[in-house]
1. Residue 146 versus (1) surrounded by 19 or more Cβ atoms within 10 Å (Cβ to Cβ); (2) acidic (Asp, Glu); (3) over 18 Å from the mean Cα position of the chain (by Cα): which is the lone unmet condition?
2. Sort out which residues of the range 197-217 are in a loop (DSSP other than H, G, I, E, B), in contact with a Ser or Thr (Cβ under 7 Å, 6 or more places away or on another chain) and of a type in the set (Ser, Thr, Tyr), and write them in order of number.
3. Got at least one residue in the range 184-195 being at pLDDT 90 or above and not in a strand (DSSP E or B)?
4. For residues in the range 107-131 being in a loop (DSSP other than H, G, I, E, B) and surrounded by fewer than 16 Cβ atoms within 10 Å (Cβ to Cβ), which is modelled with the lowest pLDDT?
5. Can you pull out every residue in the range 142-161 that is assigned to a loop (DSSP other than H, G, I, E, B) and within 27 Å of residue 224 (Cα to Cα)?
6. Inside the range 102-123, can you point out the residues that are without any contact (Cβ under 8 Å) to a residue 24 or more places away in the chain and under 13 Å from the mean Cα position of the chain (by Cα)?
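The values are calculated or read from the model by the stated rules, or taken from the named source; none is laboratory data. Predicted model, so just to flag it, every value in this text is computed and none were measured. Cβ placement follows ideal geometry from the backbone for every residue including glycine, while neighbour counts extend to all protein chains displayed.
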Amino acid sequence: MLRRSFIAFTALLGLALNGCGPAPSGGAGQPGGGLVGQVSSVPGRNADDSPGSTQLDLSGKRIVAREELKPPAPAFDFRLTDQSGKLVSLADLKGRLVLVSFIYTNCPESCPLIPRQYLQIQRRFTEAVDDGRLVLVLVTTDPERDTPDRLKRYTDRLGGRWLFLTGGLDEMKEVWRRYEVYREVKERVREVVVYHSYKTYLIDGEGNARFKYTGIWATQDVIGDLDALLAKR
C-alpha cells in the first residue's frame with residue numbers, strides 16, 4: 001500500500017515538472033526573444049506558507065519556480081481573440097493587474113489544475129475582478145482546436161471570469177515564443193496531445209511582467225504577490 005502511494009505521489013510530481021508531457025530541447029517557445037530582464041529567484045513557500053525553499057520533488061529536482069523579474073520586463077503586447085469573439089490586446093488592459101497563463105481545453109493531464117487555481121483567485125479577489133483592477137487571462141496552446149465557441153463553453157462550464165484567448169497559428173507561435181512557452185503537438189491513434197511547458201506571468205498596470213511562475217504554482221504564492229501589488233494601487 002505504501003509503495004503504491006509513493007508511486008502515485010511521484011507520478012503527480014512528474015506531471016507538475018513536465019507540464020503536458022516532456023519538453024524536448026529546441027522548438028517553439030524556447031528562450032530567445034522572450035521576456036528579458038535580470039531574474040532574481042524568489043523562494044517558494046513551505047507547507048505553513050511562510051517563506052522557504054523552492055518546492056522540490058523526492059529526488060531534489062525543482063518542480064515549481066517563482067521568480068521576481070528585476071528590473072520588471074516589458075510584456076509582449078499580444079492581440080488575440082477571446083471566447084466572445086472580441087479582439088483583446090495587452091495594451092487594452094493597461095492600468096490593471098493581469099495574470100496570464102497557458103493551457104488548452106482538451107488537456108488530459110495537468111492543465112485543469114490552472115483553472116482551479118484561477119477560480120480560487122477570482123473568489124479571493126472578487127472585488128478586484130469586479131472593479132477591473134485584476135484581469136485573469138488564459139491563452140490556449142491548441143489554437144487548431146480551441147475555437148472561441150469551445151473556449152466559451154469551457155469557461156461557462158467552470159464559472160470562470162477570465163478571458164480565454166486564441167488566434168491564428170502563426171500569431172500564437174509568436175506569443176508562445178515571447179512568453180517562453182514550449183509547445184509541440186503529438187498525434188496519437190485516437191487523440192491529439194499538445195505537449196507544453198507551464199508558464200504564468202503577473203503583469204502590472206504599466207504592462208511590465210513582475211513575476212514569472214514556472215510549473216504548477218502554489219496558489220498562495222500568487223495570492224501573496226497580488227495582495228502586495230494591489231496594496232500599492
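1. (3)
2. First pass over the range 197-217, keeping only residues in a loop (DSSP other than H, G, I, E, B): 197-198, 204-207, 215-217.
Remaining after also requiring in contact with a Ser or Thr (Cβ under 7 Å, 6 or more places away or on another chain): 198, 216-217.
Across the range 197-217, the qualifying residue is only 198.
3. For the range 184-195, residues at pLDDT 90 or above and not in a strand (DSSP E or B): absent.
4. First, the residues of the range 107-131 that are in a loop (DSSP other than H, G, I, E, B): 107-112, 125, 131.
Checking which are surrounded by fewer than 16 Cβ atoms within 10 Å (Cβ to Cβ) leaves us with 108-109, 112, 131.
Values: 108: 76, 109: 73, 112: 81, 131: 96.
Filtering first and then ranking leaves 109.
5. Step one: list which residues in the range 142-161 are assigned to a loop (DSSP other than H, G, I, E, B), which gives 142-147, 159-161.
Those that are assigned to a loop (DSSP other than H, G, I, E, B) and within 27 Å of residue 224 (Cα to Cα): 159, 160, 161.
6. The first filter runs over the range 102-123 and keeps only residues without any contact (Cβ under 8 Å) to a residue 24 or more places away in the chain, leaving 112, 116, 123.
If the condition is that a residue be without any contact (Cβ under 8 Å) to a residue 24 or more places away in the chain and under 13 Å from the mean Cα position of the chain (by Cα), then 112, 116 are the ones that fit.
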